[in-house]
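Novice: Would you mind keeping the following structure in view while I ask a few things?
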């Protein structure tokens with residue numbers, strides 16, 4: 001197969017065109033190209049965002065100080081939680097507190113009989129244990145006992161109180177008192193869903 005003159009010229013032009021195309025494609029761009037300039041409104045918007053960020057950054061130290069104060073206050077309040085390994089131990093501690101307060105009265109109150117209530121959730125971060133006790137005392141003894149319960153460093157409070165009719169010359173009343181105390185959330189049993197086995 002021989003190439004004619006016309007085919008040789010076509011191949012030569014094809015080679016030259018390929019070289020020119022390669023030079024144009026791979027030639028490094030110069031610094032004299034057109035520069036892209038951001039519209040003026042974008043610059044103003046960026047300056048406003050920068051100013052807002054500076055304002056937010058200026059508030060960080062104040063927020064950190066408030067966070068430290070709140071964390072210290074929370075730690076001080078949580079010292080009053082009844083600390084125990086199990087809910088039953090927490091209820092036993094609550095019962096001991098009630099007996100200690102009863103014995104510390106000017107006229108001691110005999111705290112007897114007890115029922116341990118269920119452990120419930122108290123908000124999202126705590127649990128609540130309850131203890132029900134019975135006693136026979138005069139009204140002024142009961143008032144003093146209730147006041148001393150609220151003065152304890154532990155986070156305990158009267159949950160329910162039932163007072164019967166006064167008996168005898170000394171006006172002794174039967175009392176059934178339920179007291180609750182706050183415990184860490186880990187002591188609250190986890191509820192399992194209907195599908196969990």
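The values are calculated or read from the model by the stated rules, or taken from the named source; none is laboratory data. Since this is a predicted model, take the numbers as computed values, not measurements. Cβ atoms come from the backbone with ideal geometry, glycine included; neighbour counts cover every protein chain shown.
Novice: For the range 20-41, how many residues meet the condition of being at pLDDT 70 or above, part of a helix (DSSP H, G or I) and exposed (fewer than 10 other Cβ atoms within 10 Å of the Cβ)?
Specialist: 5
Novice: Looking at (1) exposed (fewer than 14 other Cβ atoms within 10 Å of the Cβ); (2) on the phi < 0 side of the Ramachandran plot; (3) out of contact with any helix residue (DSSP H, G or I) (no Cβ under 8 Å at 6 or more places or on another chain), which is the one condition that is false for residue 168?
Specialist: So residue 168 meets the others, but not (2).
This table checks each residue for (1) loosely packed, with under 13 Cβ neighbours inside 10 Å; (2) at pLDDT below 90; (3) not in a helix (DSSP H, G or I).
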{"residue": "101", "(1), (2), (3)": "no, no, no"}
{"residue": "107", "(1), (2), (3)": "yes, yes, yes"}
{"residue": "121", "(1), (2), (3)": "no, yes, yes"}
{"residue": "130", "(1), (2), (3)": "no, no, yes"}
{"residue": "136", "(1), (2), (3)": "no, no, yes"}
{"residue": "145", "(1), (2), (3)": "no, no, no"}
{"residue": "153", "(1), (2), (3)": "yes, yes, yes"}
{"residue": "162", "(1), (2), (3)": "yes, no, yes"}
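Novice: Right, here's the next one. Can you give me the number of residues within the range 70-96 that are loosely packed, with under 12 Cβ neighbours inside 10 Å and within 16 Å of the chain's Cα centre (by Cα)?
Specialist: Of the residues in that region, 7 qualify.
Novice: Separate question: Could you tell me whether the range 86-96 includes any residue that is modelled with pLDDT under 90 and in a loop (DSSP other than H, G, I, E, B)?
Specialist: The answer is yes; a qualifying residue exists.
Novice: So, of the residues in the range 167-182 that are outside any strand (DSSP E or B) and in contact (Cβ under 8 Å) with a residue 24 or more places away in the chain, which turns out to be nearest to the chain's Cα centre (by Cα)? Step through it out loud before you land on a result.
Specialist: The first filter runs over the range 167-182 and keeps only residues outside any strand (DSSP E or B), leaving 168-171.
With the extra rule that they be in contact (Cβ under 8 Å) with a residue 24 or more places away in the chain, the set shrinks to 170-171.
Details: 170: 51, 171: 49 Å.
Once the filter is applied, the top-ranked residue is 171.
Novice: Can you tell me how many residues in the range 42-82 are outside any helix (DSSP H, G or I) and out of contact with any helix residue (DSSP H, G or I) (no Cβ under 8 Å at 6 or more places or on another chain)? It would help to see each step written out before you state the result.
Specialist: From the range 42-82, those outside any helix (DSSP H, G or I) are 79-82; that's our starting set.
Subsequent filtering for residues that are out of contact with any helix residue (DSSP H, G or I) (no Cβ under 8 Å at 6 or more places or on another chain) retains 79-81.
So the count comes out to 3.
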